[in-house]
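**Q** Take this structure, written in structure tokens, and hold onto it; I'll ask about it next.
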Amino acid sequence: MSGCRDIGGFGPWDYVVFGAMLLISAVIGVYYAFAGGGQKTSKDFLMGGRSMTALPVALSLTASFMSAVTVLGTPAEVYRFGARFSVFAITYTLVVILSAEVFLPVFYRLGITSTYEYLELRFNKYLRLCGTALFIILTILYTGIVIYAPALALNQVTGFHLWGAVVATGVVCTFYCTLGGLKAVVWTDVFQVGIMVAGFSSVIIRAVVVQNDIGRILNDSYYGGRLNFWDFDPNPLQRHTFWTIIVGGTFTWVGIYGVNQSQVQRYIACKTRFQAKLSLYINLLGLWAILACAVLCGLAMYSIYKDCDPWTAKCVSAPDQLMPYLVLDILQDFPGLPGLFVASAYSGTLSTVSSSINALAAVTVEDLIKPYFKSLTERKLSWISKGMSLFYGGVCIAMAALASLLGGLLQAALSIFGMIGGPLLGLFSLGVLCPFANPVGSFVGLIGGFTASLWVGIGAQIYHPLSHSTMPLNLSTIGCNISNPGTEEYWTASTEPPELTTSLKMQATERPILADYWYSLSYLYFSTLGTLVTIAVGIVASLLTGGLRQNVDRKFMLTKEDFLSNFSFLNPKQDEKVKVLTWKPFTMPDEGTDNPAFNHIEMNFTDSNGKVNSAHI
């Protein structure tokens, strides 16, 4: 006998809805390829001419945050572990404040395109190349996985064609990125975030109807232990507690919002610093809304399946297939709505991939081509930027094909991507906050941070935390009417499927002492560890190698005036558009002991009247 419901499959109208989403995204790219005279310069293509406004950029940031991992993974997380995930609402608030008030003022003032350009301005070109190389390698790896993983989950539940979806999303994404540049990326994100909210809303509304009202959903969740918002256990080995989410989550996401090229590139493309900051704060409202939708979907899923868990009953083979299973179950009588949900999941994929492709093109042009081919005209750089977008789009699709062969390494690759963010955040923090941090000390700190975060992170992939650290909640199959062949005996799963529980018990007898302590550290602390070790080692090494003797220009540091920039709208003259367009070398008079990497550099820029102005660095 089977406890699995007849959930049907994908119908013609579902494919129509999904195809319409792809078509509209492509049309937006074509429009911005020609709007306003096209993408004449690399700045137009990569930075939208630095003329973006806050609202579309904010929605674009929200769309990129809400990848298919969020659409499929967060509801399953709430279903299995409870609503403590909603504490991330506080984390997102801290992340936005730190990004807007600490890193944005410095990046925006310098008028840079690549965030790694800052590392050369503040330290030297070798640290810039380190940051660029790490970003390119890890972004390609991550983007390939982002394309493939949701396609696999949706294929196994809905029957949606796996490689058709992978190739279609990859090609459409590459198409509009290559034609329309950053403006196409931002405005397709605006459209796609609407699709994502519509997909979530359809599931929530239908679930409330199926369960009669939202009160029943909340009541079932309460008695099932899912409304466990507050857990103040300070134990760093516990996967999700208030402290791991607030502290660890803040470090993890500041590494993305504060210094990662994919996010920074969009908000520093705003026409004024006030618009850039406003985009981050409006984006915070979007993050809260998306989080609320995902948590509600997870609670509704638990209310519907509280007596018959599809995962334990083997109706699905992995937790990230639970959300598609729920969609087909409750929306099968509404043609097109399952397609709307799949479109919302793939909208998350498109927004994440498009921002990655655009960011990869930007760092390649700015960090690897312009510094070494100074004779290239802006027209040529624009064509090179488009070529890089096309190239990286193809590479990401190829990476998705490779991801299909990696199997169990997928989760390890995603975790490693997070581990790298911590040391890089530490490196940028040294530059922005520590005037005595020098190139040698910062490099030593970076190596120390990588060593610590990769050690604990890779160890955690080899020795998975035991169930008492992850704290899964009860999942029951008592209402499924499942029988074991040959014995006709019924069983109920309280936490994990039997074969998984057995493997965990076997693993527990073979684990080294480090596995139960060091390697069991909450994954949210990987980035925290990398950041703090990088900063601590970097400070000590800098002090030991003459960091106090250098004189760093305050343009590269966070200053007290930056905190007053929130009120610049009261005095518009203080919030003018950045005029730094080109960089040229010069010979600066010797004025004491400056940063050795920049004691012969001046920042020259051309203003809107063609007049060359200079600022000492």
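Just so it is clear, none of the values below were taken in a lab; they were calculated from the coordinates. Small disclaimer: the values here were computed from a predicted structure and weren't measured. For neighbour counting, all protein chains shown are included, and Cβ atoms are generated from backbone atoms with ideal geometry for every residue, glycine included.
**Q** Return L402, L138, L154 ranked ascending by Cβ neighbour count within 10 Å, so the fewest neighbours appear first.
**A** Fewest-to-most ranking of L402, L138, L154: L402, L138, L154.
**Q** Still on this structure, I have one more. Provide I458, I195 in ascending order of the number of other Cβ atoms located within 10 Å of each residue's Cβ, fewest first.
**A** Lowest to highest Cβ neighbour count: I458, I195.
**Q** Explain nothing, just compute: Karplus ³J(HN,Hα) = 6.51 cos²θ - 1.76 cosθ + 1.60, θ = phi - 60°, for every residue of region 359-373 in order, whole Hz, x for Gly and Pro.
**A** 5, 4, 4, 5, 5, 5, 5, 6, 9, 10, 10, 4, x, 10, 10
**Q** Oh, and also: Evaluate the distance, in nm, between pseudo-label points positioned 7 Å from the Cα of D333 and of R216 along their respective Cα→Cβ axes.
**A** Rounded to a tenth, the inter-label distance reads 1.3 nm.
**Q** Taking the Cα-to-Cβ direction at V16 and at A318 and moving 7 Å from each Cα, how far apart do the two end points lie in nm?
**A** So the two model labels end up 3.2 nm from each other.
**Q** Assign unit charges at the C-beta atoms only (+1 for Lys and Arg, -1 for Asp and Glu), then state the dipole size of region 12-406 relative to its Cα centre in Debye, rounded to the nearest 20.
**A** Using only the charged Cβ atoms, the result is roughly 1360 debye.
**Q** Per-residue HN-Hα couplings for region 137-147, Karplus 6.51 cos²θ - 1.76 cosθ + 1.60 at θ = phi - 60°, whole Hz, x for Gly and Pro?
**A** Coupling constants for region 137-147: 4, 6, 5, 4, 4, 5, 5, x, 5, 4, 6 Hz.
**Q** Using each residue's phi in region 115-127, evaluate 6.51 cos²θ - 1.76 cosθ + 1.60 at θ = phi - 60° and report the 3J(HN,Hα) Karplus result to the nearest Hz, with x for Gly and Pro.
**A** Values per residue, Gly and Pro as x: 4, 6, 4, 4, 5, 6, 5, 8, 10, 7, 5, 6, 5 Hz.
**Q** Order by neighbour count: F65, F191, fewest other Cβ atoms within 10 Å first, most last.
**A** Ranking F65, F191 by Cβ neighbours within 10 Å, fewest first, gives F191, F65.
**Q** Want the number for L548 to I462: 0.36 nm per residue separation, take away the alpha-carbon distance, what's left?
**A** 26.7 nm
**Q** Using the beta-carbon distance between F232 and L285 and R0 = 30 Å, what value does 1/(1 + (r/R0)^6) give for FRET efficiency, to the nearest 0.05?
**A** E(calc), rounded to 0.05, equals 0.65.
**Q** Please say if region 158-314 is rounded, prolate or oblate, where rounded means a/c under 1.5 for a ≥ b ≥ c the square roots of the C-alpha gyration tensor eigenvalues, and otherwise the choice is prolate for a/b larger than b/c and oblate otherwise?
**A** It comes out oblate by the Cα gyration axes.
**Q** For the pairs K183/K386; K277/K370; K183/K380, note any where the Cα-Cα span goes beyond 21 Å.
**A** Among K183/K386; K277/K370; K183/K380, the Cα-Cα distance tops 21 Å for K277/K370.
**Q** Based solely on C-alpha atoms, express the radius of gyration and the Dmax of region 218-262 in angstrom.
**A** 14.5, 44
**Q** May I ask you to derive the FRET efficiency for S404 and A292 from their Cβ-Cβ distance with R0 = 45 Å, giving the value to the nearest 0.05?
**A** For S404 and A292, the calculated efficiency is 0.85.
**Q** Given a Förster distance of 35 angstrom, what is the FRET efficiency for I97 paired with T451, based on the Cβ-Cβ distance and rounded to 0.05?
**A** 0.70
**Q** Rounded, prolate or oblate: which one fits region 12-406, using the alpha carbon gyration tensor with axes a ≥ b ≥ c (rounded when a/c is under 1.5, else prolate when a/b beats b/c, else oblate)?
**A** Prolate, because a/c is 1.5 or more and a/b exceeds b/c.
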